[in-house]
């Protein structure tokens with residue numbers, strides 16, 4: 001059994017309630033629109049407490065929910081309803097325990113802010129996708145001007161409180177440096193008053 005750290009337990013104690021409020025404020029619609037395009041065998045990295053699950057299409061072959069935080073993984077295994085067959089697994093985004101080309105779709109929602117090595121994690125997403133497979137992403141990102149300066153200032157605190165979250169991570173540039181073909185990107189705002197995580201990008205990248 002994986003031991004839960006204090007940081008993981010603390011994060012799991014407040015994050016689902018916080019995000020539930022953000023979802024009610026409009027974030028659920030962002031998830032719904034994005035995840036409607038998932039198909040085939042689908043992997044969600046960092047599934048958290050399962051907020052994305054109700055928004056997946058009913059005809060998925062399988063939905064694999066990867067969550068490294070044991071306290072959140074317990075919530076996932078207790079999900080009473082899903083539109084698709086669910087498998088909940090422990091795992092590390094930096095070393096996914098799946099063969100090459102295992103999935104038609106990989107999704108990530110507010111995850112890449114907290115991985116230790118986002119370049120390596122993106123390479124793993126690319127590896128486990130089948131050629132032509134799609135990566136659906138939904139990430140808060142580094143802002144510009146004063147907001148970027150505020151994010152730089154507050155990121156050390158946010159990393160402690162939010163299980164490693166880097167408020168100032170430039171996910172868009174990281175994705176642009178990969179072998180993915182970026183098909184669609186929407187730059188928008190998360191409906192929250194928390195200033196460090198307002199800038200949001202939602203989009204689709206495809207394995208060539």
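The values are calculated or read from the model by the stated rules, or taken from the named source; none is laboratory data. Predicted model only: the values in this text are computed from it and were never measured. Neighbour counts are summed over all protein chains in view; Cβ atoms, including those assigned to glycine, are modelled from backbone coordinates with ideal geometry.
With the requirement that a residue be surrounded by 18 or more Cβ atoms within 10 Å (Cβ to Cβ) and assigned to a strand (DSSP E or B), what does the stretch 42-87 give you? 42, 43, 44, 45, 63, 64, 65, 66, 86 - these are the residues of the stretch 42-87 that are surrounded by 18 or more Cβ atoms within 10 Å (Cβ to Cβ) and assigned to a strand (DSSP E or B).
Can you find a residue in the stretch 73-88 that is in contact with a helix residue (DSSP H, G or I) (Cβ under 8 Å, 6 or more places away or on another chain) and modelled with pLDDT of 95 or more? Scanning the stretch 73-88 turns up no residue that is in contact with a helix residue (DSSP H, G or I) (Cβ under 8 Å, 6 or more places away or on another chain) and modelled with pLDDT of 95 or more. Taking the criterion of being surrounded by fewer than 20 Cβ atoms within 10 Å (Cβ to Cβ) and either touching a helix residue (DSSP H, G or I) at 6+ places or on another chain (Cβ under 6 Å) or farther than 21 Å from residue 94 by Cβ (or both), the residues of the stretch 125-142 that qualify are 131, 132.
Only one entry in 100, 92 is assigned to a loop (DSSP other than H, G, I, E, B), in contact (Cβ under 8 Å) with a residue 12 or more places away in the chain, more than 22 Å from residue 51 (Cβ to Cβ) and out of contact with any strand residue (DSSP E or B) (no Cβ under 7 Å at 6 or more places or on another chain), namely 100. Residues in the stretch 107-121: is at least one touching a strand residue (DSSP E or B) at 6+ places or on another chain (Cβ under 7 Å), farther than 23 Å from residue 11 by Cα and touching a residue at least 24 places away in the same chain (Cβ under 8 Å)? Checking the stretch 107-121: not a single residue is touching a strand residue (DSSP E or B) at 6+ places or on another chain (Cβ under 7 Å), farther than 23 Å from residue 11 by Cα and touching a residue at least 24 places away in the same chain (Cβ under 8 Å). If you go through the stretch 190-208 and keep only what is under 16 Å from the mean Cα position of the chain (by Cα) and either surrounded by fewer than 17 Cβ atoms within 10 Å (Cβ to Cβ) or in a strand (DSSP E or B) (or both), you end up with 199, 200, 201, 202, 203, 204, 205.
Residue-level check: of (1) over 14 Å from the mean Cα position of the chain (by Cα); (2) farther than 17 Å from residue 112 by Cα, residue 8 misses just (2).
Scanning the stretch 49-75 for residues that are under 23 Å from residue 99 (Cβ atoms) and in contact with a strand residue (DSSP E or B) (Cβ under 8 Å, 6 or more places away or on another chain) turns up 56, 60, 61, 62, 63, 64, 65, 66, 67, 73. Of all the residues in the stretch 6-40, those that are crowded, with 21+ Cβ neighbours inside 10 Å and within 18 Å of residue 129 (Cβ to Cβ) number 3.
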